[in-house]
Amino acid sequence: MSVRRFLAHGLELSRKALRLVSPAARARTQAGAAFVRPWAQQPLQAGLPARYRYFRLSLGGLATQLQRRASRQLHGPGGALLAFGLGLGFIEQQVEEVRTSIAACEEIQTLFKRKKIKYENAIPSCTSGYRFEDYMVGYNIGKGCNAAVYKAFIPEVSTPKASDTITTEEKTEEVNRQGKSAAIVQYDSGEDPELRKNMLIAQENPSLSFVILKKETLFDSLSACEGDTSNPLTASVEDSSYPLPAFEKDTNYHLRAPAGDTSYPLALKMLWNINAGSSSDAILASMVKELVPTIPNALTGEFGGIKGKKIKPHPNIIQIVRAFVDNVPLLPGAWLEYPDVLPTRLNPHGLGHSRTLFLVMKSYPCTLQQYLQVCIPNKQCATVMILQLLEGVDHLVQHGIAHRDLKSDNILVEFDSGGCPRLVITDFGCCLAEESLGLKLPFTSNEVNRGGNICLMAPEISAAIPGPRVTIDYSKSDAWSVGTLAYEILGLRNPFYGCGVDYLESRNYQEDKLPPLPGSIHRDVRLVVKLLLCRDPKRRLSARVAADMLHLHLWGPELLASSQITVENVFSWLRYQTLLTLLQVSMSQKLPVETELKRSFLANLNFEELKLGLDLLLHGKT
Ligand SMILES: Nc1ncnc2c1ncn2[C@@H]1O[C@H](COP(=O)(O)OP(=O)(O)OP(=O)(O)O)[C@@H](O)[C@H]1O
């Protein structure tokens, strides 16, 4: 018998039963409700399969309906039949309600999914930017274990404004001839929190001159450094065991003193090639994960057809606008920061190959780590920041990709027109994105790469023991990392970093040993962080449900506070959010963070997940 016919049969039974009720029926119906209700009201578990949650939802309705019926004065025999029949009938009613709700959510989803998010348009010309010589390279903005990142621009696309060009160019060149460019780079790469703070302030207040602030600080520090061997900046250059090469004017790159972001809109990431050999194919094959966030025309010619998963644009995920293989140049700071990975052409003792992969992306003012060094975001702003990470992670999960190296220096920050930080996940070098695997990685031996940063590796990954049929499921691992980063964003120490006894290890921590978040942080946010850090992925929130909970918390406080939350008032709230967001999306080209978030929420609306998030917010224990 089909489910439909079964339910129809139940409905018919319930009708018959209504004509056969007795006083005893009331007691039996009540007992039925009492039996069903506690089971239906068990605390919800985030990881339960949808079918179970759906059945539970039906039971909740059944218990209520039974109770209601039982409270009426019914007469006649057949109470048990009534309970059974009514139950089936009410399940049918619930099924219908759920079906309508799912359809309504899908309609809202389609409205927003239809509106495609645009790709970065940082290099409008289709022909430029595929060779290193197309770029003017600025100063070093960052360095990781695998790459150095520089400010850059393409002259034909963006020429620096006269006001941005340093007038004391001779001085810069003289300094370079003396081998001090490394000192500039070292100083400017952000060791000084005061300088970082100035940069952020300048960024947030366009009326202040970012360049002037930097220029003064830079040249003051250089004057102070000159001839001063006790100064760590000059000392580190002169103590270096490598001879510092003189800056050659006729090399195919151009060193400019630092200037504002407007004149160097791009970031050029030069990966270090130690293992891949110098053929383009070998380089691309070994670094293919870095290419996951490339936009469609980022690679050209022979590389255009490189296979592999690609991500659709998302406001919280980096976009690589160009990727190409070229000769490794000698860039500022190379001798000081990464001499060992240079090719022998540049350093006879270097281990690097002569060619490598370059990635070009938008240049961001700072990383999340740098931002948090100078600023503790207020609670609302912190929640918006955590939510952006969850939205980014959910987008990756939907593409079957796990980042596997989420940490505060792999998250870039810029500010929207209202000064709200926009968080962008970057550095996909450790991601899991194999077409054939999805989010499940066979873990047959310790040789299998489980991802980056071990401290922020979810427990099911860090504690996994390899074996012939073992697979690791990454579907909720990035969400766990976001749970740990939430501590940093909320102004606390990440409990999974540190040394000595005062830190937790992901592979063996106990949930009750997690440092409690202070009461000044809203209960909803505390609950989300707690559920993100569940050891058991089945109980842990998915990024989607966690994001939905924060959306409800941020944009629906009245809804959450209402005495009775019905499907109708949830949908009237959703309709309101839909209209408002559509209006905002149609009104501006460059969306503020809040509107982007609402758009992500509505474009991914799923009744089951929203219902689960809502239930958890209403009944979950912090
Ligand atoms: N688009 C960008 N805009 C501004 N700064 C950037 C950008 N991309 C990278 N950076 C800076 O460069 C640093 C190193 O970049 P990235 O993390 O991509 O390198 P990596 O060697 O792959 O790092 P890891 O050690 O995590 O593997 C970042 O922490 C950040 O400070």
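Of the numbered conditions (1) open to solvent by 50 Å² or more (accessible area, probe 1.4 Å); (2) without any contact (Cβ under 8 Å) to a residue 12 or more places away in the chain; (3) away from the ligand (no atom under 16 Å from the Cβ), Lys379 satisfies every one except a single condition; which is it?
(2)
So, of the residues in the range 382-405 that are over 17 Å from Gly451 (Cβ atoms) and within 9 Å of the chain's Cα centre (by Cα), which turns out to be most open to solvent (accessible area, probe 1.4 Å)? Spell out the reasoning first.
Residues of the range 382-405 that are over 17 Å from Gly451 (Cβ atoms), as a first pass: 382-388, 390-391, 394-395, 398.
Subsequent filtering for residues that are within 9 Å of the chain's Cα centre (by Cα) retains 386-388, 390-391, 394-395.
Numbers: Ile386: 3, Leu387: 0, Gln388: 1, Leu390: 0, Glu391: 1, Asp394: 10, His395: 26 Å².
So, considering only residues that are over 17 Å from Gly451 (Cβ atoms) and within 9 Å of the chain's Cα centre (by Cα), the one most open to solvent (accessible area, probe 1.4 Å) is His395.
Condition check ((1) surrounded by fewer than 20 Cβ atoms within 10 Å (Cβ to Cβ); (2) assigned by TED's automatic domain parsing to the domain that holds Val545; (3) away from the ligand (no atom under 16 Å from the Cβ); (4) farther than 27 Å from Thr294 by Cβ) across all residues:
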| residue | (1), (2), (3), (4) |
| --- | --- |
| Lys407 | no, yes, no, no |
| Val424 | no, yes, no, no |
| Phe428 | no, yes, no, no |
| Leu437 | yes, yes, yes, no |
| Pro442 | yes, yes, yes, no |
| Thr471 | yes, yes, yes, yes |
| Tyr474 | no, yes, yes, no |
| Ala486 | no, yes, yes, yes |
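Among the residues that make up the range 556-567, is at least one of them under 20 Å from Val482 (Cβ atoms) and open to solvent by less than 10 Å² (accessible area, probe 1.4 Å)? Spell out the reasoning first.
Residues of the range 556-567 under 20 Å from Val482 (Cβ atoms): none.
There is no residue in the range 556-567 that is under 20 Å from Val482 (Cβ atoms) and open to solvent by less than 10 Å² (accessible area, probe 1.4 Å).
Is it the case, given these coordinates, that Lys289 is under 22 Å from Glu391 (Cβ atoms), more than 14 Å from the ligand (Cβ to nearest atom) and open to solvent by 30 Å² or more (accessible area, probe 1.4 Å)?
Answer is no for this residue.
Mind listing whichever residues of the range 287-301 are among the aliphatic types (A, V, I, L, M) and in a loop (DSSP other than H, G, I, E, B)?
Those that are among the aliphatic types (A, V, I, L, M) and in a loop (DSSP other than H, G, I, E, B): Met287, Val292, Ile295, Ala298, Leu299.
Can we say Lys590 is among the basic types (Lys, Arg) and surrounded by 17 or more Cβ atoms within 10 Å (Cβ to Cβ)?
Against the criterion (among the basic types (Lys, Arg) and surrounded by 17 or more Cβ atoms within 10 Å (Cβ to Cβ)), Lys590 does not qualify.
Do we find that Ile318 is within 16 Å of the ligand (Cβ to nearest atom), crowded, with 23+ Cβ neighbours inside 10 Å and closer than 30 Å to Thr127 by Cβ in this structure?
Judged against the criteria, Ile318 is a match.
Out of Leu614, Leu533, report the one residue that is over 18 Å from the mean Cα position of the chain (by Cα), modelled with pLDDT of 95 or more and surrounded by 13 or more Cβ atoms within 10 Å (Cβ to Cβ).
Leu614
The values are calculated or read from the model by the stated rules, or taken from the named source; none is laboratory data. Just so it is clear, the model here is predicted, and its values are computed rather than measured. So basically every Cβ, Gly included, is an ideal-geometry build from the backbone, and we count neighbours across all protein chains shown. For the accessible areas, the whole protein counts, side chains as well, though only heavy atoms, and no ligand, DNA or RNA atoms are used. Shrake-Rupley method; radii C 1.70, N 1.55, O 1.52, S 1.80 Å.
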